[in-house]
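What follows is a single structure, written as structure tokens, with notes after it.
The values are calculated or read from the model by the stated rules, or taken from the named source; none is laboratory data. All figures in this text were calculated on a predicted structure; none of them were measured in a lab. A quick note on method: Cβ atoms are made from the backbone with ideal geometry, for glycine too, and the neighbour counts reach across all protein chains shown. Quick note on the areas: whole protein, heavy atoms, side chains included, nothing else; ligands and nucleic acids left out. Shrake-Rupley method; radii C 1.70, N 1.55, O 1.52, S 1.80 Å.
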Amino acid sequence: MRIFSRAAAGLSAVALTAVTAHLAGAPLRKEVGGPFSLTVDSIMRGPKLVGYPPTALRWSGDSSRLYFEWRRPEDEEASTWVVGRDGGPPRKLPDEERRSAPPVNGVWDKAHRRGLFVDHGDIVLIDSVAGTRRQITRTTGDEANPRWARHETAVTFTRDNNLFIVPLDGGELAQLTDIQPRKRDPRDTDSQKFIKAEEQQLIEHTRVEAEKKKKAEEKDKARALPKFELADRQSATDLQLAPDGRHVFILVLERSDAAKRPNVPNYVTESSYTEDIPARTFVGDAQDRRTLSVMNLDTGKTVSAALSADLDRTKDTKETKDTKETERGLRWGMPQISEDGLLAVAHVRADDNKDRWLAAVDPESGKTRVLDTLHDEAWVREIGGPGPNDPSFGWLPDQKHLWFLSERDGWMHLYSLDASADQPSARQLTRGKWEIEALALSADGKKFFITSTEVHPGERHIYSMPIDGGERTRLTSMTGGSAGEASPDDSTFGIIYSSSTRPHEVYLMPNSPGAAATRVTTTPTEEWRSFKWVEPQLITYRTRDGVDVYARLFTPEMMGARRDPAAPAVVFVHGAGYAQNAHKYWPSYYREYMFHNLLASRGYVVLDPDYRASSGYGRDWRTAIYRHMGGKDLEDVVDGAKYLAEKQKVNPKRIGVYGGSYGGFITLMAMFTTPDTFAAGAALRPVTDWSHYNHGYTSNILNQPPADAEAYRKSSPIYFAAGLKGALLICHGMVDTNVLFQDTVRLVQRLIELRKENWSVAMFPVENHGFEEATSWADEYKRILKLFEDNLRVAR
């Protein structure tokens, strides 16, 4: 919104300049190091200032070139760039050459030379060494799910619920399945049946024609493709041909017809009429089902995969006075099939997210053999999911053993098991109070490349480790966060690295422990680089129940500024809940990082904690909020305010709090349930009632509303609005399809009915959950700054 600008239109130039300087936050110290001006307007240019992080590292098949996507501050869109393995300036690919570049999400052959991908609904093959592009399909239909088949001499893909195959030697396209919605044949009435029978008895011609028709149908049936009927609201979302060429695995999605979806009104439209945007369902509403079937192409027989009955339809959480038992279903993933086709292992997850199974599927019977079970009384967490590009499990080179990631010992670690054994036992390959974030097999299949937090919860480094476990070798040495992609010959890493004060950049590094990394890109503007950005202090503080919380700390002294006489402080609460912000690499909340530099320059102390539920600290940390969001997580934030008062000597009566999304939710809970802790709070796009949020996120933590109503009531700010005392600002995008603007509207009505007065709302008509317009960002943060200036600093 631009309410301030309109209201200020009649002010004199001098007065307007003075008010603008106050709102934008002119620093208390003279800025050194360059022309950058530390103001809200300048900061909230966002990517026009610091650019966008490079993404999608991938190598050519001969390991000579590294490709990546990159959008610089001055660019209107991202482009594909390439750099040689030996370094040098990167080169932006022209559009025609970009079409033949290695695909971002390619399905690669064993040699990592040829990649398959989907381009605008068509299947394309890229030869990354020759730099050639081959169009496998060119149709008006939507092809998807390309895979290699017949020892990489053919390609399969899906279209309109069916599986097709194309030989690469010039053979003809062939359809392998005939999967159609179930047809409803009209039923004859008793009268119609009588007349038909009498006609064949009386008229010989009708008998002859009926016999001809029957024989023709039998011939057609003999020539027909294997059939599978889909029920109402079902679709075959993925089909995979097994290496034996006889079996097709079919992933079937059944959409619910009972779910109700709210609409999000869009008020600012090209037509000038209000238009509705469809949104997601609320938690607990009817959900889609995902099942797995297997078709035998020779016999035409199709079977459904199923776990044993005691696993398939078990009960939900134990019944208490607040929870009810409910039956649950399963969600199947497409199996990963060994190269010889002897083993097919599927990832299966319970609807209530408390159990996960790895199950070997017999393609003839559909029966399964459970290889590994993971249970969590709260909810199971996994990295990635079944698929060729980012699996949570995969085959080791012998094609009998599986590797998989699991949090079974309380931390995300690597395990292996023999999938061919009747009763396999998982073997733990890594252990310790740290977590694996990503891993990949080396090209020679002899080792894993692992990205983990082993050095420090706030750092990410790349290690190598033999595939049977043992000693890990740390490869990267730069303090911060590193994520990488090894070249196909394993000689070189392409790395995306960042530090606390420098955004993500592409680097090249030899695959050798401690090798020097060479920077390839420079993303931020020269203007931004001219400023001396503060490196926040990474500290821990002790909570009331004796745990240590990691946090980023910003102080005026770090900025070369003096403390304000009022000794004000602000606690920032990061969003998502399960995220991490107290670390040593570039934050996703980079605008807030710059805003905290501004606050510190004005005499504020700023604390940015990784409260309970944040990522990177193990299972017990993330599940501490189970059945009560706004419990332990809020206590950690409140205890952070206590730390500021006791250790940083801030005024306990002049502490503010703010955050967006989950951080906005915590801000509301803080202002409503601990009203004497914070004098002011800014809740940005906040969840106000968890029963109105989405299913996937919320049902993990609070179960489902009908089964656990009490968990929703004690976790939702709207039930505690009566406790508001301090100054509250709520900011929300009106076309938010994640946390709906309705959440704020309902809370506003509640505050009105409670006759609360010390609150305000700023609406942003064109913004979704993540703001896009620099003017919206600036307007929002000027309001936040004004809230803190008016309520946390001594009147001037």
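Considering only residues that are part of a helix (DSSP H, G or I), more than 30 Å from Asp352 (Cα to Cα) and touching a helix residue (DSSP H, G or I) at 6+ places or on another chain (Cβ under 6 Å), which ones fall in the range 596-635? Residues satisfying the conditions are Ala600, Ser601.
Please enumerate the residues belonging to the range 47-75 that are among the aliphatic types (A, V, I, L, M), open to solvent by less than 20 Å² (accessible area, probe 1.4 Å) and in contact with a Gly (Cβ under 8 Å, 6 or more places away or on another chain).
Leu66
Restricting attention to the range 707-760, the residues that are within 24 Å of the chain's Cα centre (by Cα) and among the aromatic types (Phe, Trp, Tyr) add up to 2. Just to be sure before I move on: is Val506 open to solvent by 10 Å² or more (accessible area, probe 1.4 Å), on the phi < 0 side of the Ramachandran plot and of a type in the set (A, V, I, L, M) in the structure I sent? Against the criterion (open to solvent by 10 Å² or more (accessible area, probe 1.4 Å), on the phi < 0 side of the Ramachandran plot and of a type in the set (A, V, I, L, M)), Val506 does not qualify.
For the range 746-786, enumerate the residues that are open to solvent by 70 Å² or more (accessible area, probe 1.4 Å), touching a Ser or Thr at 6+ places or on another chain (Cβ under 9 Å) and within 17 Å of Met669 (Cα to Cα). The answer is Arg746, Arg750.
Please tell me if Pro457 is touching a strand residue (DSSP E or B) at 6+ places or on another chain (Cβ under 9 Å) and surrounded by fewer than 19 Cβ atoms within 10 Å (Cβ to Cβ).
The answer is no for Pro457.
Scanning the range 521-535 for residues that are open to solvent by less than 30 Å² (accessible area, probe 1.4 Å) and closer than 18 Å to Asp86 by Cβ turns up at least one hit. Selection of the range 116-152 for residues being closer than 20 Å to Arg65 by Cβ, in contact with a Ser or Thr (Cβ under 6 Å, 6 or more places away or on another chain) and small (Gly, Ala, Ser) yields Ser128, Gly131.
So that you can scan it fast, the table gives a plain yes or no per residue for (1) without any contact (Cβ under 8 Å) to a residue 40 or more places away in the chain; (2) not in a helix (DSSP H, G or I):
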position: Lys756; (1), (2): yes, yes
position: Met763; (1), (2): no, yes
position: Glu772; (1), (2): yes, yes
position: Tyr781; (1), (2): no, no
position: Asn791; (1), (2): no, no
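Against the test of being in contact with a Ser or Thr (Cβ under 7 Å, 6 or more places away or on another chain) and of a type in the set (Phe, Trp, Tyr), the options Tyr590, Tyr578 yield a single qualifying residue, Tyr578.
The C-beta contact set for the range 382-405 (first residue more than 16 Å from Met334 (Cβ to Cβ) and open to solvent by less than 10 Å² (accessible area, probe 1.4 Å), second residue β-branched (Val, Ile, Thr) and modelled with pLDDT of 95 or more, distance under 8 angstrom, 6+ apart or interchain) comprises Leu405/Ile436.
Can you tell me which residue among Ala111, Ala101 is part of a loop (DSSP other than H, G, I, E, B) and open to solvent by less than 40 Å² (accessible area, probe 1.4 Å)?
Ala101
Can you tell which of Glu96, Glu77 is on the phi < 0 side of the Ramachandran plot and more than 25 Å from the chain's Cα centre (by Cα)? Lay out the reasoning, then the answer.
Details: Glu77 fails: more than 25 Å from the chain's Cα centre (by Cα).
Being on the phi < 0 side of the Ramachandran plot and more than 25 Å from the chain's Cα centre (by Cα) holds for just one of Glu96, Glu77, which is Glu96.
Evaluation of Asp372 against the conditions (1) assigned to a loop (DSSP other than H, G, I, E, B); (2) over 23 Å from the mean Cα position of the chain (by Cα); (3) closer than 29 Å to Asp244 by Cα; (4) not polar (S, T, N, Q) shows that the sole unmet condition is (1). What number of residues within the range 188-219 are within 30 Å of Leu297 (Cα to Cα) and either open to solvent by 80 Å² or more (accessible area, probe 1.4 Å) or in contact (Cβ under 8 Å) with a residue 40 or more places away in the chain (or both)? Qualifying residue count for the region: 8.
Condition (residue is assigned to a strand (DSSP E or B), open to solvent by 10 Å² or more (accessible area, probe 1.4 Å) and either on the phi > 0 side of the Ramachandran plot or in contact (Cβ under 8 Å) with a residue 60 or more places away in the chain (or both)) applied to the range 705-724: is it met by at least one residue? Checked against the condition, which is being assigned to a strand (DSSP E or B), open to solvent by 10 Å² or more (accessible area, probe 1.4 Å) and either on the phi > 0 side of the Ramachandran plot or in contact (Cβ under 8 Å) with a residue 60 or more places away in the chain (or both), the range 705-724 yields no hits at all.
Specify which of the listed residues (Ala149, Ala154, Ala144) is under 33 Å from the mean Cα position of the chain (by Cα) and either exposed (fewer than 12 other Cβ atoms within 10 Å of the Cβ) or under 14 Å from Val248 (Cα atoms) (or both).
Details: Ala154 fails: either exposed (fewer than 12 other Cβ atoms within 10 Å of the Cβ) or under 14 Å from Val248 (Cα atoms) (or both); Ala144 fails: either exposed (fewer than 12 other Cβ atoms within 10 Å of the Cβ) or under 14 Å from Val248 (Cα atoms) (or both).
Step by step, each of Ala149, Ala154, Ala144 is checked, and only Ala149 is under 33 Å from the mean Cα position of the chain (by Cα) and either exposed (fewer than 12 other Cβ atoms within 10 Å of the Cβ) or under 14 Å from Val248 (Cα atoms) (or both).
Checking each residue in the range 76-96 for being of a type outside the set (Gly, Ala, Ser) and surrounded by 14 or more Cβ atoms within 10 Å (Cβ to Cβ) picks out Thr80, Trp81, Val82, Val83, Arg85, Pro90, Leu93. Can you tell me which residue in the range 641-690 is least open to solvent (accessible area, probe 1.4 Å), limited to those that are without any contact (Cβ under 8 Å) to a residue 40 or more places away in the chain and assigned to a loop (DSSP other than H, G, I, E, B)? Filtering first and then ranking leaves Thr677. Summed over the range 470-490, the residues that are closer than 28 Å to Val129 by Cβ and in a strand (DSSP E or B) give a count of 5. Between Ala224, Ala236, the distinction of being open to solvent by less than 80 Å² (accessible area, probe 1.4 Å) and either in contact with a Cys (Cβ under 9 Å, 6 or more places away or on another chain) or under 30 Å from His695 (Cα atoms) (or both) belongs to Ala236 only. Name the one entry in Thr698, Thr674 that is within 30 Å of Asp351 (Cα to Cα) and in contact with a helix residue (DSSP H, G or I) (Cβ under 9 Å, 6 or more places away or on another chain). Sole residue among the options that is within 30 Å of Asp351 (Cα to Cα) and in contact with a helix residue (DSSP H, G or I) (Cβ under 9 Å, 6 or more places away or on another chain): Thr698. Among residues of the range 433-452 being part of a loop (DSSP other than H, G, I, E, B) and out of contact with any Leu (no Cβ under 8 Å at 6 or more places or on another chain), the one that is surrounded by the fewest Cβ atoms within 10 Å (Cβ to Cβ) is Asp444. Within the range 730-748, does at least one residue satisfy the condition of being in contact (Cβ under 8 Å) with a residue 24 or more places away in the chain, within 27 Å of Asp276 (Cβ to Cβ) and of a type in the set (Lys, Arg)? Among the residues of the range 730-748, at least one is in contact (Cβ under 8 Å) with a residue 24 or more places away in the chain, within 27 Å of Asp276 (Cβ to Cβ) and of a type in the set (Lys, Arg), which makes the answer yes. Hey, does the range 480-497 have a residue that's surrounded by 21 or more Cβ atoms within 10 Å (Cβ to Cβ) and closer than 24 Å to Tyr604 by Cβ? Checked against the condition, which is being surrounded by 21 or more Cβ atoms within 10 Å (Cβ to Cβ) and closer than 24 Å to Tyr604 by Cβ, the range 480-497 yields no hits at all.
Could you identify the single residue in Phe672, Phe720 that is modelled with pLDDT of 95 or more, closer than 22 Å to Lys632 by Cβ and in contact with a Gly (Cβ under 6 Å, 6 or more places away or on another chain)?
Phe672
Within the set Ala21, Ala9, Ala13, the sole residue that is modelled with pLDDT under 90, open to solvent by less than 50 Å² (accessible area, probe 1.4 Å) and within 27 Å of Glu789 (Cβ to Cβ) turns out to be Ala21.
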